[in-house]
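To start, the structure itself, in structure tokens.
Every read-out reported here was derived from the displayed coordinates using simple, explicitly stated rules and does not represent laboratory data. These numbers come from a predicted model, not from an experiment. With ideal geometry, Cβ positions are generated from the backbone for all residues, glycine too; neighbour counts draw on all protein chains shown.
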Amino acid sequence: MSRTLLLIGTRKGLFMLESDADRTSWSMRGAYCEGWPVYHAVFDRDSGAIYAAAASEWHGSSIWRSADLGETWTQSSEGLAYDDGRRLSKVSSLSAAHGRVLVGVEAPGIFESRDDGATWSPYSMLTGQPGSEEWDDPSNQPPGHLGISAITADEKDPARVWAIVQGMSLFETTDDGKTWTPRNRGLRSDWPREHEEVGFCVHKFVRSPTDAQRMYQQNHVGMHRSDDAGATWTEITEGLPTEFGFAAAAHPHDRDTFHVIPLDPGHGRTMPDGQAAVWRTKDAGSSWERLANGLPQENAHLGVLREGMTGDTYDTPGYYFGTSTGQVYASADDGEHWSEIASYLPAISSVEVAIVD
């Protein structure tokens, strides 16, 4: 029988929540990775391994790996360093596909492993992109900066990868990292930019599992949709309570259905008015509906980070999100009803789901 496994990256290690396919009763394991801050954890469907990007102020950065769903772990940072003296302050994002693992780091760059995380080598530094001289400047890397805040590998084409440079834009390579193209046309920015193609603050980028041309993103200033694989973008913010947010998830079977968690754009960056809600579109952003059944509606000042929301692939999909105050919420019916399935965890950085046998 299939099991549903949630990988919860937190400030104090990796936790796992596990349920049967009905997703009604959950058990917890952890913390793993010796309590290191875990920025992102993923499940490699090809190998069945779990990878966790962990960065400790005391011990540095390392990638942890478990080949047996958390029973045992190894870690390695061999080769995970710049040759030119730039400081690698943290590892922040992961992608596992096609027999390799990619990890995004700060200062911005991408490393790869082709031996199950045992050793690492440079994949791409996006050298020469407009604005790269700015993102390599330490003064533009404040505390909390992630560098490469997201990596998405194409499931079918190993030479095609998307990467977000935090605060700078979305980029795509179609030749395995040799060259990159900014993918930001049609986006809005409310600040001056030196370069026409970059300088857009992309928070979260999601591809539809059913249509390679359909993409969504949550930006610093709005929700956007692409119908041409990211070549151009159309804003679809109207109907949402704010234009700001981080987390989002696509429907596994319907390209027009998409979920997002809007946040107050001020310094608090929590759900508006202390009322927790997920917002859903079923028509590709022409309209939005508020989903809050089972979520707290008073004094719920919850924040959700970039990788803090995910969805599974069951016929009736489930969605999950984790908060900066340590709660995990789940819906097993496409967002119609929610329940709190974990509490009192450390601040949550990422939530990923895997269906395992």
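Sort 25-31, 242-248, 299-305, 83-89 by packing, meaning the average of other beta carbons within 10 Å per residue, with the highest value first.
Packing order, densest peptide first, comes out as 242-248, 299-305, 25-31, 83-89.
Quick one: P(r) of the range 186-257 from all Cα-Cα pairs, 10 Å bins, percents rounded to integers, in order of increasing distance.
All Cα pairs considered, the percentages come to 21, 52, 24, 3.
With labels modelled as points extended 7 Å from the Cα through the Cβ direction, what inter-label distance (nm, one decimal) is found for ALA347 paired with GLU196?
The answer from the label model is 4.0 nm.
Expressed as a whole percent, how much of the Cα-Cα distance distribution for the range 195-307 exceeds 17 Å?
For the range 195-307, the share of Cα pairs beyond 17 Å comes to 52 percent.
State the extension gain, in nm to one decimal, for the chain segment bounded by THR127 and THR174, taking 0.36 nm per residue of separation less the distance between their alpha-carbons.
Residue separation times 0.36 nm, minus the Cα-Cα distance, leaves 15.4 nm.
Give the cross-link partners of LYS12 among the aspartates and glutamates, using a straight C-alpha distance below 19 Å as the criterion and excluding same-chain residues fewer than 8 apart.
Result set, ordered by chain and number: GLU34, GLU57, GLU71, GLU307, GLU352.
Can you tell me how much longer the chain between ASP283 and ASP83 gets when fully stretched, taken as 0.36 nm per residue apart minus their C-alpha distance, in nm with one decimal?
Extra length available between ASP283 and ASP83 comes to 67.2 nm.
By the scheme Lys and Arg +1, Asp and Glu -1, what is the net charge of all other residues having a beta-carbon under 14 Å from that of PHE205?
+4
Return P(r) of the range 257-314 (all Cα-Cα pairs; 10 Å bins starting at 0; whole %; ordered from short to long distances).
P(r) over the range 257-314, rounded to whole percents: 22, 49, 27, 2.
Starting from the Cα of LYS204, draw a straight line to each of the lysines and keep only those under 22 Å, dropping any in the same chain fewer than 8 residues away.
Leaving aside lysines fewer than 8 places away in the same chain, those within reach of LYS204 are LYS90, LYS156, LYS282.
For the pair ARG185/HIS267, report the inter-label distance in nm, with labels modelled 7 Å from Cα in the Cβ direction.
4.0 nm
Sum up the charges of everything whose Cβ sits under 14 Å from the Cβ of GLY311, counting Lys and Arg as +1 and Asp and Glu as -1, but leave GLY311 out.
Taking every Cβ under 14 Å from that of GLY311, the sum is -3.
Can you check what the Kirkwood hydrodynamic radius comes to for the chain, Cα pairs only, in Å to one decimal?
Kirkwood radius, the chain: 20.2 Å.
Test of understanding: extend the Cα→C-beta vector of GLN297 to 7 Å, then name every residue of the range 255-283 with backbone N under 16 Å from that spot.
Once the point is set 7 Å along Cα→Cβ of GLN297, 272-279 turn out to lie under 16 Å by backbone N, inside the range 255-283.
Provide the gained length on full extension for the span ASP227 to GLU57, in nm with one decimal, where the gain is 0.36 nm per separating residue minus the Cα-Cα distance.
Result for the pair: 57.0 nm of gain on full extension.
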